[in-house]
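**Student:** Just passing along the structure, written as structure tokens.
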Amino acid sequence: MAREATGVLEAPPQPMGRRVLRVLRGMRRAPILPIFFLGIVVFAGITAPWISPHDPTRGNLADRNLPGFWTGDRTSPKLVVEEVEFGEGFRQVSLEEARELYPGAELGQEVEVLTRRAGFPTYVLGTDHLGRDLLSRTIYGARISLIMAAVTLGVGGVIGIALGLIAGWYGRLVDEIIMRLVDIELSLPLILVALVLVVSLGQSLTIIVAVLAIWIWPRFARMVRGEVLTLKTTDYVSLARVAGASPLRIMFVHLFPGTINTLIVVATLQVGIVILVEASLSFLGAGVPPPDPAWGSMVADGRDRLADAWWIATIPGLAVLLTVMSLNLFGDWLRDKLDPRLRQME
Amino acid sequence: MQRFLVRRFIIVIITLFAVSVIIFIMARAGGDPRSMLLDDYATEEQWDDLGKALGIDRPYYQQYAIFIADVFRGDFGQSIKERRPVINVISERVWATLQLGLAAFVFSVVIGIPLGVLSSVRRGGMLDMTGKVVALIGQSAPSFWLGIMFIFWFAVKLGWVPPSGRQEWNSIILPMVTLGWVFIAANLRLMRSAMLDVLDSEYVKLARAKGVPNRVIIWKHAFRNALIPPLTFAGVNLGSLITGSLTTELVFAWPGLGQLAVQALWSFDYPVLQGVVIVFTLMYVASAFLVDILYAYIDPRVRYA
């Protein structure tokens, strides 16, 4: 029965139940709600054209400022008069109109008249000032935010990682130059630079992506460089060098994988910042050009209409708040899990 | 110390240079200003004369030198919309922005630092939870949206404060809270983690063992040493408070530079925008540099690094 001594110890196959338990234990204290919410946002962003109930850019002017599921039809008492005086429409109703609703209506009587139709069930979250469906716009807004975040993270991340690897690996003058560039970049007031670019070149997605990429690459570069400086002193890297691996190979095969944990954490937290900055730029009218429904510009649309349609500004703002909040909670959890050292650096 | 400061100073200079070059290039990228100033019936001669008067016929590096010389003299050109010197438009509004920025800064320190200390002392307690929520909202909420919600609830619904403007003494409260909240979050988190680190250190344990009262340990031994990270951040903070006022000033119709910049953006008033960007950059860089000096003064590790 004794196993032959082959020099290799085989772990006994784990029963399925225990393996599931282990995965679950890894997820212990995972922020379930934020992960769930992020799942919804990503799903909505990807499937926006198929799941949105209406066209996000085309509205029906007859359906302006309709509330969503939270209110039903709203009625108010109005005085029945012969002819509605100019500007008194909100408390008077003509006899003719009243008779249509209540056949027995008389002059001088007060009748309940529909003042605002409910948007529900046609418009779950109501409509904006141009009669566009807010739910569809919010869903498409998720798509825009995700695309912006992905593209800027891709561009800025690749630049930042590459420069961070180079700075960390080569050190000396190269490091000095790249890190001073990082310092300069971090001390530029980039939102203002974005405004200057928009005024002289016009509003476009390219500008926003470029500005956001410039915004985030130094953060990646700094982080990766720090990691590389410690990884550089490990034995396996020295051995790779002795074995004659080229710098490029060492950087990408031996150093880069060691930075991935940190990168995931930084990227998660940076996505939140990118979404916030993009929303601010869109709010200022320097972001995603209209009529594309960016969350920031949707808030701007509703800013002056709070008194009669609070939902126009509130809903997209809530979308930003919840998304960024989820990203922060998820990122904090990832950080504690993947890279506890980073906690001190925030 | 000197090497450190010289290095920071060089970065300040390069930053200013970079911003000025961007502004200069973008001003030219907007097209030939002559096509705006002259009508279609202008002769070739008028065109050339105006070019000479504006200095556009010279090579670019000379144009840049002229631009910089003008900036040093405080001449940012004429506002297209208001038809008067940009420097006048800006100087009328600087004070409002500084007032709001400083108020928000003080507010964020006064709320954020003590809350950070208290939540580190009573970890997991009610205050700690409150602090976490406050910090999370500050980090995650778009400040322009927060401002709009504040206006809706505290000005429109409850009528406690004026919704916008700068006429009454209490009109500053809402913009101050809006702008300051982000930095409450930053101060709180930094203070809390720094305090936790210090409270875990050997000298605090020694003080405990000696029987020093808890209050003295917290405020004398730990607090002073934990102040360094939030202080470092304060410089960057002060700068971004000033520039971060763009959306806040817009939302609350606060008549400062941020609002001016956004209005210039909407009316394509390039000279004004350019002036605001220069002034903002100067403030931003100067405050960061001042804090670097302060930082090197307070923390000897920086001085001798």
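The values are calculated or read from the model by the stated rules, or taken from the named source; none is laboratory data. Just so we're clear, the structure is a prediction, and the values are computed from it rather than from any experiment. Counting neighbours? That spans all protein chains shown, and the Cβs are built from the backbone with ideal geometry, glycine included.
**Student:** Of all residues in segment A:278-314, which are crowded, with 23+ Cβ neighbours inside 10 Å and out of contact with any Gly (no Cβ under 9 Å at 6 or more places or on another chain)?
**Tutor:** A:A286
**Student:** Something else now. Of all residues in segment B:140-173, how many are within 14 Å of chain A (Cβ to nearest Cβ) and either at negative phi or among the hydrophobic types (A, V, I, L, M, F, W, C) (or both)? Break it down into steps so the answer makes sense when it comes.
**Tutor:** We begin by selecting, within segment B:140-173, every residue within 14 Å of chain A (Cβ to nearest Cβ); these are B:140-159, B:163-164.
Subsequent filtering for residues that are either at negative phi or among the hydrophobic types (A, V, I, L, M, F, W, C) (or both) retains B:140-158, B:163-164.
Residues flagged as within 14 Å of chain A (Cβ to nearest Cβ) and either at negative phi or among the hydrophobic types (A, V, I, L, M, F, W, C) (or both) within segment B:140-173 amount to 21.
**Student:** Show the residue pairs meeting these rules: Cβ distance below 9 Å; 6+ apart or different chains; first residue within segment A:313-328 and free of Cβ contacts under 8 Å to residues at least 12 places away in the same chain and closer than 12 Å to A:W295 by Cβ; second residue small (G, A, S) and outside any helix (DSSP H, G or I).
**Tutor:** A:L321/B:A141
**Student:** Mind counting the residues in segment A:219-252 that are within 14 Å of chain B (Cβ to nearest Cβ) and at positive phi?
**Tutor:** Total meeting the criteria: 0.
**Student:** Sort out which residues of segment A:273-287 are in contact with a Phe, Trp or Tyr (Cβ under 9 Å, 6 or more places away or on another chain) and either away from chain B (no Cβ under 11 Å) or of a type in the set (G, A, S) (or both), and write them in order of number. Please lay out each step first, then the result.
**Tutor:** Taking segment A:273-287 and keeping what is in contact with a Phe, Trp or Tyr (Cβ under 9 Å, 6 or more places away or on another chain), we get A:273-275, A:277-280, A:282-285.
Scanning segment A:273-287 gives A:V274, A:A279, A:S280, A:S282, A:G285.
**Student:** Could I ask something else about it? B:I80 is checked against (1) closer than 21 Å to B:A288 by Cα; (2) modelled with pLDDT under 85 and fails just one. What number does that condition carry?
**Tutor:** Evaluating B:I80 over (1) closer than 21 Å to B:A288 by Cα; (2) modelled with pLDDT under 85 leaves (1) as the failure.
**Student:** Sticking with this structure for a sec: Regarding A:S145, is this residue within 12 Å of another protein chain (Cβ to nearest Cβ), more than 30 Å from B:R28 (Cβ to Cβ) and crowded, with 16+ Cβ neighbours inside 10 Å? Write out each step before concluding.
**Tutor:** Details: within 12 Å of another protein chain (Cβ to nearest Cβ): yes; more than 30 Å from B:R28 (Cβ to Cβ): yes; crowded, with 16+ Cβ neighbours inside 10 Å: yes.
The answer is yes for A:S145.
**Student:** Same structure again: Can you pull out every residue in segment B:90-120 that is surrounded by fewer than 19 Cβ atoms within 10 Å (Cβ to Cβ) and over 17 Å from B:L179 (Cβ atoms)?
**Tutor:** B:S91, B:E92, B:P114 - these are the residues of segment B:90-120 that are surrounded by fewer than 19 Cβ atoms within 10 Å (Cβ to Cβ) and over 17 Å from B:L179 (Cβ atoms).
**Student:** Sticking with this one: If you scan segment A:189-218, which residues turn out to be within 10 Å of another protein chain (Cβ to nearest Cβ), surrounded by fewer than 20 Cβ atoms within 10 Å (Cβ to Cβ) and within 23 Å of B:I13 (Cβ to Cβ)?
**Tutor:** A:L190, the sole residue that qualifies.
**Student:** (1) touching a residue at least 12 places away in the same chain (Cβ under 8 Å); (2) within 38 Å of the chain's Cα centre (by Cα): which one isn't true of A:F43, the others all being true?
**Tutor:** Tallying (1) touching a residue at least 12 places away in the same chain (Cβ under 8 Å); (2) within 38 Å of the chain's Cα centre (by Cα), A:F43 fails exactly one: (1).
**Student:** Got a number for residues in segment B:50-65 being loosely packed, with under 15 Cβ neighbours inside 10 Å and at pLDDT 75 or above?
**Tutor:** Qualifying residue count, segment B:50-65: 5.
**Student:** Okay, next question. Looking only at segment B:178-226, which residues are more than 13 Å from every other protein chain (Cβ to nearest Cβ), of a type in the set (G, A, S) and crowded, with 24+ Cβ neighbours inside 10 Å? Let's see the steps before the verdict.
**Tutor:** Residues of segment B:178-226 more than 13 Å from every other protein chain (Cβ to nearest Cβ): B:180, B:183-184, B:199, B:201-225.
When the remaining residues are screened for being of a type in the set (G, A, S), the result is B:180, B:201, B:207, B:209, B:211, B:222.
Scanning segment B:178-226 gives B:G180, B:A222.
**Student:** Follow-up. Tally the residues that are within 30 Å of B:L174 (Cβ to Cβ) and buried (at least 16 other Cβ atoms within 10 Å of the Cβ), restricting the search to segment B:66-81.
**Tutor:** Looking only at that region, the number is 1.
**Student:** Would you please name the residue that is farthest from the chain's Cα centre (by Cα), looking only at residues in segment A:186-204 that are of a type outside the set (G, A, S) and assigned to a loop (DSSP other than H, G, I, E, B)?
**Tutor:** Step one: of segment A:186-204, the residues of a type outside the set (G, A, S) are A:186, A:188-193, A:195-199, A:201, A:203.
Next cut, assigned to a loop (DSSP other than H, G, I, E, B) only: A:188-189, A:203.
Values: A:L188: 24, A:P189: 22, A:Q203: 20 Å.
Looking at residues that are of a type outside the set (G, A, S) and assigned to a loop (DSSP other than H, G, I, E, B), I get A:L188.
**Student:** Residue by residue through segment B:10-25, note down the ones that are within 7 Å of chain A (Cβ to nearest Cβ) and free of Cβ contacts under 8 Å to residues at least 40 places away in the same chain.
**Tutor:** Within segment B:10-25, the first condition is being within 7 Å of chain A (Cβ to nearest Cβ), and the residues that meet it are B:11, B:14-15, B:18-19, B:22-23.
B:I11, B:I14, B:A18, B:I22 - these are the residues of segment B:10-25 that are within 7 Å of chain A (Cβ to nearest Cβ) and free of Cβ contacts under 8 Å to residues at least 40 places away in the same chain.
**Student:** Continuing with this model, one more query. Show the residue pairs meeting these rules: Cβ distance below 9 Å; 6+ apart or different chains; first residue within segment B:250-267 and farther than 15 Å from B:T97 by Cα and in contact (Cβ under 8 Å) with a residue 60 or more places away in the chain; second residue assigned to a helix (DSSP H, G or I) and small (G, A, S).
**Tutor:** Final answer for the pair search is B:A264/B:G275.
**Student:** Residue under question is A:P316, and the condition is that it be facing chain B (nearest Cβ under 9 Å) and either assigned to a helix (DSSP H, G or I) or hydrophobic (A, V, I, L, M, F, W, C) (or both); does it hold? Let's see the steps before the verdict.
**Tutor:** Working: facing chain B (nearest Cβ under 9 Å): yes; either assigned to a helix (DSSP H, G or I) or hydrophobic (A, V, I, L, M, F, W, C) (or both): yes.
Spelling it out, A:P316 is indeed facing chain B (nearest Cβ under 9 Å) and either assigned to a helix (DSSP H, G or I) or hydrophobic (A, V, I, L, M, F, W, C) (or both).
**Student:** Under 8 Å by Cβ, and 6 or more places apart or on different chains, what pairs join a residue from segment A:165-181 that is farther than 17 Å from A:L248 by Cβ with one that is surrounded by fewer than 18 Cβ atoms within 10 Å (Cβ to Cβ)?
**Tutor:** A:R180/B:I14
**Student:** Still on this structure: Can you say whether A:V174 is surrounded by fewer than 20 Cβ atoms within 10 Å (Cβ to Cβ), away from chain B (no Cβ under 14 Å), under 19 Å from A:G287 (Cβ atoms) and in contact with a helix residue (DSSP H, G or I) (Cβ under 9 Å, 6 or more places away or on another chain), as far as the supplied structure shows?
**Tutor:** Working: surrounded by fewer than 20 Cβ atoms within 10 Å (Cβ to Cβ): yes; away from chain B (no Cβ under 14 Å): yes; under 19 Å from A:G287 (Cβ atoms): no; in contact with a helix residue (DSSP H, G or I) (Cβ under 9 Å, 6 or more places away or on another chain): yes.
In short, no.
**Student:** Same structure again: Take the residues in segment A:255-273 that are of a type outside the set (V, I, T) and crowded, with 19+ Cβ neighbours inside 10 Å, then tell me which one is farthest from A:A167 (Cα to Cα). Lay out the reasoning, then the answer.
**Tutor:** Residues of segment A:255-273 of a type outside the set (V, I, T): A:255-258, A:261, A:263, A:267, A:269-270, A:272.
Still in the running and crowded, with 19+ Cβ neighbours inside 10 Å: A:255-256, A:263, A:267, A:269-270, A:272.
Numbers: A:L255: 12, A:F256: 13, A:L263: 16, A:A267: 20, A:L269: 23, A:Q270: 21, A:G272: 26 Å.
My answer is A:G272.
**Student:** Being more than 8 Å from every other protein chain (Cβ to nearest Cβ) and either within 12 Å of A:G141 (Cβ to Cβ) or among the aliphatic types (A, V, I, L, M) (or both) is the filter here, so list the residues in segment A:301-313 that pass it.
**Tutor:** A:D301, A:A309, A:I312
**Student:** Here's another thing I want to ask about it. May I ask you to list the residues in segment A:66-93 that are surrounded by 15 or more Cβ atoms within 10 Å (Cβ to Cβ) and not β-branched (V, I, T)?
**Tutor:** A:L66, A:P67, A:G68, A:K78, A:L79, A:Q92 - these are the residues of segment A:66-93 that are surrounded by 15 or more Cβ atoms within 10 Å (Cβ to Cβ) and not β-branched (V, I, T).
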